[in-house]
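All remarks here apply to the structure that follows.
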Amino acid sequence: MASLFRQPIRNLRGVGAKSEELFRKLDIDSIGALLYHFPRDYEDWTNPAEISNGVVGEVCCIKAKLSAQMRESRLAGNRYLVNAEVSDGRDVMRLVFFNNRYITSMLKYDTQYIFRGKLMRDFGGLQMVSPVFIPADSEKSGLHPVYRLTAGLSNNQIQRAVREALKLLPSEISDPLPEEIRRKYDLCSLKEAIENIHFPKDRKSLQKARKRLTVEELLVLNLGIRALKNHEDTVSNVKLEKDFTEEFLKLLPFILTGAQMRVINECTRDMQRGKNPMNRLVQGDVGSGKTAVAAAACYNVVKNGYQAAFMAPTEILAEQHYKTLSKYFENTDVKLELLTGSLSASKKKEARQRMAEGKVNLVVGTHALITEQTVFKNLGLAITDEQHRFGVSQRSKLLAKGDSPHLLVMSATPIPRTLALIIYGDLDISVIDETPPGRSPVKTMFITGEKRHRAFDFIKEEMDRGNRAYIVCPLVSEDEQSELAAAEEYAAELMLKEFSDYPVGIIHGKMKYAEKEKAMTAFLKGETKLLVATTVIEVGVDVPEATVMMIENAERFGLSQLHQLRGRVGRGKEKSYCILLSDAQGEKTQQRLSVMCKTTDGFRIADEDLRQRGPGDFFGERQHGLPKLNIADFSDMDGVTLSQKIAEEIVADSPDLSSEKYRGLRASIRRLFSSTDARMN
Ligand code: ADP
Ligand code: MG
């Protein structure tokens, strides 16, 4: 197999220099790579239907035979048309072919065929336009691979090349999965898997092939991440000699929950051990109180004589953390600094100077913290809030500002636990699984546009009782200019009409920082009671007096995003509400949104989200820093769990995989991790 990765694709029959170029566009540069270009889908030619069972409007396979003379006609512009009629013995269907002169000689009158195409009905009855077909007794009936293509290279050409490549597979190929593991978990051999992933005999053999390849890929990923994690040779120079947690508790206006306390202790222990630096993910649902945990870690580090940096993904959030921490540390000797992109150049310069000289010991900021100009005197702790908003490389840039400082990353995106293990496999995980006392779950309702005015009335009632409200306005498009226009237009309409008697603010992503901050402060102080917002308020914003949120076009958001948005209310003692508005009538939408009404458990919502949308959308475009997977996907919980189990067995057997039987796996790990520049921390 390995040698096939060195053989150029033009060694295959039927592949010349020109198509070699095209294959390269698909990242296929060797015969081995071609064999690993797995189909993205399959056409099902098994179980052809009878004409009367075909579903109009859908692609169907129908078994039938010519039942009338084919008619050829010439159209304007030298175009050519063939009309045929086929029958399954009971019903008839018309076939129409354009510009294919060979059809009349290809289709035989005495042969049964399977025709595949979109079934349509017009005044003349049922018909298919330009169906593809094979003789019904052909061995080709089965599942046909559908490949990712590039212009100039057809699915047929790729199929043919793959068939040629498969012929070159030696009868015995070395298999990265040792036989004992394959036998134990009923995984087929690599050779069988590769053959069947391209040309499966039936669904069952496809499933077997897929399972085997998926498990192998996830296993390699899993083992690779473990190997990275085991690099425990960096010794942190930042060792906390004394624990100041007791002192910190006195600074807080509330009593920590048991979960918060536990996580703080986990962090302190990490930072006291004097070996490798802390590398910890704190996962806690929205409102679970992660900021206080971060504050405790900062306090401990600062009191031990080091600097701490706290990075947030948005300026609003950085500002908010800065204010919160300033209040906590008001009567202490902790000196805080705020560093964000929108400070004036001279302010930034001054701030950076103080950081470099060690005159400040706690810096809260945005991406401005990781630019080149930022220098710390002795950074001991780096924190990133809302980790999913940062790329892995940003995390490492912040770390590079110190001499192996401790790292704490916080995330409210409740990634299912098994998945977190893969993605953050290089991190230890703490979970804040308790919310501060006195909160009741946000009551969530789903209504259609007709009831919008009832929702408005409800919002007014809440405001009359002294509470505050958010309205998340419709998402129009990704286009920034129109987002701005739509948000402002929508807000203006509300201000002028429905809410003319109430102080209304607006906040959206295109506002200047000073404007955003003004809008946020006004809302925080209660000068405005209703805040019309885009998703800029999605992360972290904390206004405990807000008790109701209405979300327009709720169907446009992913469940996890809705959960984040909803997390902006229910942060105080008052009962809170979330109103999802949508006119989308589809059953799927209804089902999706009803999940939001049924639960406030972020983990369940994330699971559901992952199931419904698949991992691509779940993670969005945001980097999670993992190598690109070829066949496995992160939502495949069975595969994830099984590979986890196998990985544990292998590591127990041979911790550094040095045993000869794992040679193939070692090679695969090297290949997977060198194929991306993914840095794991
Ligand atoms: P998140 O985990 O979403 O970042 P925050 O840290 O913003 O949550 O905390 C949410 C709110 O709960 C804040 O207003 C904070 O002051 C408050 N809070 C945090 N911990 C406690 C606690 N133990 N008791 C009472 N209120 C708390
Ligand atoms: Mg937060």
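A few comments on the model shown:
- Taking a ≥ b ≥ c as the square roots of the eigenvalues of the alpha-carbon gyration tensor, the stretch 1-40 is classed oblate because a/c is 1.5 or more while a/b is no larger than b/c.
- Expected 222 nm ellipticity per residue - DSSP helices of 4 or more, -39500 (n - 2.57), all of the chain, to 500: -11500 deg cm²/dmol
- With contacts taken as Cα pairs under 8 Å and at least 6 residues apart, the stretch 333-391 reaches a relative contact order of 37 percent.
- Positive-end residue of Val504, Leu168, Gln320, charge dipole of the chain with Cβ unit charges: Leu168
- Spherically averaged projected area in nm², based on the convex hull that wraps the Cα atoms of the stretch 133-291: 18.3 nm²
- Over the stretch 165-248: Kirkwood hydrodynamic radius from C-alpha pairwise inverse distances, Å: 16.4 Å
- In this simple spin-label model, placing a label point 7 Å from the Cα along the Cα-to-Cβ direction at both Arg203 and His453 gives a separation of 5.1 nm.
- Hydrodynamic analysis of the chain uses the Kirkwood radius over alpha carbon pairs. Inserted into Stokes-Einstein at 10 °C and 1.306 mPa s, it gives a translational diffusion coefficient of 54 µm²/s.
- Rough spin-label spacing in nm, given labels placed 7 Å along Cα→Cβ, for Asn630 and Phe5: 0.8 nm
- Packing order of peptides 129-136, 357-364, highest average first: 357-364, 129-136 (average count of other Cβ atoms within 10 Å over each peptide's residues).
- Computed from the Cβ-Cβ distance with R0 of 41 Å, the FRET efficiency linking Ala345 to Leu26 stands at 0.30.
- Overall, the stretch 84-242 carries a charge dipole of about 320 debye about its Cα centre when +1 sits on the Cβ of Lys and Arg and -1 on the Cβ of Asp and Glu, all other atoms neutral.
- With neighbours defined as other Cβ atoms within 10 Å of a residue's Cβ, the residues Val92, Val55, Val536 order from fewest to most as Val55, Val92, Val536.
- Quotient of C-alpha Rg and 2.2 N^0.38 Å, computed over the stretch 20-93: 1.75
- Nearest-0.05 FRET efficiency for Arg79 and Lys118, computed from C-beta distance (R0 25 Å): 0.75
- Proxy reagent accessibility, fewest Cβ within 10 Å first, across Phe98, Phe446: Phe98, Phe446
- For the stretch 493-624, the Cα gyration tensor yields ellipsoid semi-axes of 27, 17, 15 Å (square root of five times each eigenvalue, largest first, whole Å).
- For the stretch 627-667, the Cβ-based charge dipole about the Cα centre amounts to some 220 debye (Lys, Arg positive; Asp, Glu negative; other atoms uncharged).
- Order of His563, His144 under a 10 Å beta carbon neighbour criterion, fewest first: His144, His563
- Only Cα pairs under 8 Å and 6+ residues apart enter the sum, and on that basis the relative contact order of the chain stands at 12 percent.
- Spin-label model distance (nm) - Thr324 vs Asp428, 7 Å beyond Cα toward Cβ: 2.3 nm
- Stretching Gln69 away from Ala151 to a fully extended chain increases their span by 25.9 nm, per 0.36 nm per residue minus the current alpha-carbon distance.
- Relative packing of 272-282, 213-223, which averages over residues the other C-beta atoms within 10 Å, highest first: 213-223, 272-282
- Farthest towards the positive end of the charge dipole of the chain, among the residues Asn237, Val536, Gly124, is the Cα of Gly124, using unit charges on the Cβ of Lys, Arg, Asp and Glu.
Quick note: the coordinates plus some simple rules give every number you see, no bench work behind them. The model shown is predicted, which means the values in this text are computed figures rather than measured ones. Cβ: placed from backbone, ideal geometry, glycine included. Neighbour counts: every protein chain shown.
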